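The values are calculated or read from the model by the stated rules, or taken from the named source; none is laboratory data. What you see is a predicted model, and the numbers here were worked out from it, not measured in a lab. Note: ideal-geometry Cβ built from the backbone for every residue, glycine included; neighbour counts use all protein chains shown. The protein model used for the area step is the full one, side chains on, heavy atoms only, and it has no ligands, DNA or RNA in it. Shrake-Rupley method; radii C 1.70, N 1.55, O 1.52, S 1.80 Å.
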Amino acid sequence: MQPSAPPFDERLTAPRSWWLIAFLIGIACALMLLPLGTVPLLAGLAGGSVLSAIAVSSYGSARIRVVAGALVAGDARIPVSALGEAEVLDGEEARAWRSYKADTRAFMLLRSYIPTAVRVEVTDPQDPTPYVYLSTREPQALVAALGSARS
């Protein structure tokens, strides 16, 4: 019997344009090494492209999951029982919670290239974190998954 899939699982991948920029960084490294010959040029192209692609990949590897009664966001794992109401934030409201409405004690897994987000209150009295802010492309699905995990 196969285990059931988690009710919500999203990887916050970087946009395609960032991959193009990573390749252009490789070209820039190659051009810097052009006066040294063909082998250094190719090494610069390969090395610069690979290193910048690793940086883009690691930044875009953040995951948000609701699994086994917990919200897992990046390195954080919060039991659903310690969470309050979840609020879907549209582009304008998400921008407000990222800037002037933000609390410095909040846990924020944000990506500027994702316009929508979810804000979830933390109700655990032992935790000083007032809320969790999560950038997500599927805010309604995340809120629904948190609701189903809570019940």
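Does residue 45 satisfy the condition of being without any contact (Cβ under 8 Å) to a residue 40 or more places away in the chain, open to solvent by less than 70 Å² (accessible area, probe 1.4 Å) and assigned to a helix (DSSP H, G or I)? Give the steps one after another, and end with the answer.
Details: without any contact (Cβ under 8 Å) to a residue 40 or more places away in the chain: yes; open to solvent by less than 70 Å² (accessible area, probe 1.4 Å): yes; assigned to a helix (DSSP H, G or I): yes.
So residue 45 passes the test.
Cβ-Cβ distances below 6 Å connect the following pairs, each with a first residue in segment 126-139 that is touching a residue at least 24 places away in the same chain (Cβ under 8 Å), a second residue that is open to solvent by 50 Å² or more (accessible area, probe 1.4 Å) and part of a loop (DSSP other than H, G, I, E, B), and a separation of six or more residues or different chains: 129/105; 130/105; 135/110.
Answer yes or no: is there a residue in segment 126-140 that is on the phi > 0 side of the Ramachandran plot and not aromatic (Phe, Trp, Tyr). Write out each step before concluding.
Filtering segment 126-140 down to residues on the phi > 0 side of the Ramachandran plot leaves none.
No.
Within segment 64-92, the residues that satisfy the criterion of being of a type outside the set (A, V, I, L, M) and either touching a strand residue (DSSP E or B) at 6+ places or on another chain (Cβ under 8 Å) or open to solvent by 60 Å² or more (accessible area, probe 1.4 Å) (or both) are 65, 69, 74, 75, 77, 79, 81, 84, 85, 87, 90, 92.
Residue by residue through segment 87-128, note down the ones that are in a helix (DSSP H, G or I) and small (Gly, Ala, Ser). Working first, answer last.
Looking only at segment 87-128, we keep the residues that are in a helix (DSSP H, G or I), and these are 91-98.
91, 94, 96, listed by residue number.
State whether the residues of segment 56-63 include one that is more than 19 Å from residue 131 (Cα to Cα), in contact with a strand residue (DSSP E or B) (Cβ under 8 Å, 6 or more places away or on another chain) and open to solvent by 50 Å² or more (accessible area, probe 1.4 Å). Looking for residues that are more than 19 Å from residue 131 (Cα to Cα), in contact with a strand residue (DSSP E or B) (Cβ under 8 Å, 6 or more places away or on another chain) and open to solvent by 50 Å² or more (accessible area, probe 1.4 Å), one finds at least one in segment 56-63, hence yes. Considering segment 7-42, the residues that are touching a helix residue (DSSP H, G or I) at 6+ places or on another chain (Cβ under 8 Å) and assigned to a loop (DSSP other than H, G, I, E, B) include one that is surrounded by the fewest Cβ atoms within 10 Å (Cβ to Cβ), namely 7.
Name every residue in segment 76-125 that is closer than 24 Å to residue 147 by Cα, in contact (Cβ under 8 Å) with a residue 60 or more places away in the chain and under 19 Å from the mean Cα position of the chain (by Cα), in order of residue number. Residues satisfying the conditions are 86, 109, 111, 114.
Report yes if some residue within segment 52-61 is outside any helix (DSSP H, G or I) and among the hydroxyl-bearing types (Ser, Thr, Tyr); otherwise report no.
Within segment 52-61, one or more residues are outside any helix (DSSP H, G or I) and among the hydroxyl-bearing types (Ser, Thr, Tyr).
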